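Note sheet for the following structure.
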Amino acid sequence: MILKETERLDDLGDGVQIIQSSALYTFTSDSVLLANFANVKKSDLVADYCTGSGIVAILLAKKYQPQKIYAVELQPEMADMCLRSVEYNGLNECIEVLNESVQGFGERFPRQSRRLFDVITVNPPYGKKCTQFVSQTESAAIARHETALTLCELLDAVKATLTFRGRVVLVYPCERLAELMHEMKLRFIEPKRLQLVCPKRGAAPNVALIEGVYRGAEGLKVLPVAINGEE
């Protein structure tokens, strides 16, 4: 495999390597947290929305070996990099990379369709479109802020593509957790499992891992607070 000028191979451990580019958005530890938090079965049909360089999809494939993962990414350069990482790790049969919007992908599957997902994982843009923070590149802006995908659009697509009692697993900033849970419940996605994560020991939590079930019963299980980087 030939890497492009700005690209490198990052080692994720256990023989897994992923292509990253200094010219594009690079993944953070939040993606690893998400992959470890998701409980995926071998029989599950999975979608990874906002897949970026494909780290969550690749880690899920290696750890859980589900029947199929659709890795959906809007940006062509990121989707191409994801596809080459999938090929490099020999996961072509498990992961299909699709270069399209989450909104458009959701429209593929009407509620009466049988091709709905058991699990959807998402590491979505964290910041509102009107945030004062200005990203250095267009790639980072799309990945970090709701310039191309709002929270409501994301959850509409999730609702449209989850099977009955299907699960969505997200990582999201604590400061927007109330908003997230409110919008989930409006779409009959019941929050069922929650874990707050601290950036370091002694610090306040800054991100949350949350699992919701479409048409699930009420009842939220709150897990012990986790420390980023600690098992």
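Of note:
- All of (1) under 14 Å from Tyr49 (Cβ atoms); (2) charged (D, E, K, R); (3) modelled with pLDDT of 95 or more hold for Glu175 with one exception: (1).
- In the stretch 60-110, residue farthest from the chain's Cα centre (by Cα) [restricted to those that are within 17 Å of Leu9 (Cα to Cα) and among the hydroxyl-bearing types (Ser, Thr, Tyr)]: Tyr88
- The residues on offer are Gly202, Gly166, Gly229, and the sole one that is under 16 Å from Asn36 (Cβ atoms) and either outside any helix (DSSP H, G or I) or over 19 Å from the mean Cα position of the chain (by Cα) (or both) is Gly229.
- Scanning the stretch 1-31 for residues that are among the hydrophobic types (A, V, I, L, M, F, W, C), part of a strand (DSSP E or B) and more than 19 Å from Leu74 (Cα to Cα) turns up Leu9, Leu12, Val16.
- Residues of the stretch 32-88 that are among the β-branched types (Val, Ile, Thr), outside any loop (DSSP other than H, G, I, E, B) and at pLDDT 95 or above: Val46, Ile55, Val56, Ile58, Ile69, Val72, Val86.
- Leu223 vs. criteria surrounded by 16 or more Cβ atoms within 10 Å (Cβ to Cβ) and at pLDDT 95 or above: no
- The C-beta contact set for the stretch 47-67 (first residue at positive phi, second residue modelled with pLDDT of 95 or more and hydroxyl-bearing (Ser, Thr, Tyr), distance under 6 angstrom, 6+ apart or interchain) comprises Gly54/Ser85.
The values are calculated or read from the model by the stated rules, or taken from the named source; none is laboratory data. Here the structure is a predicted model, which is why all the values come from computation and not from measurement. With ideal geometry, Cβ positions are generated from the backbone for all residues, glycine too; neighbour counts draw on all protein chains shown.
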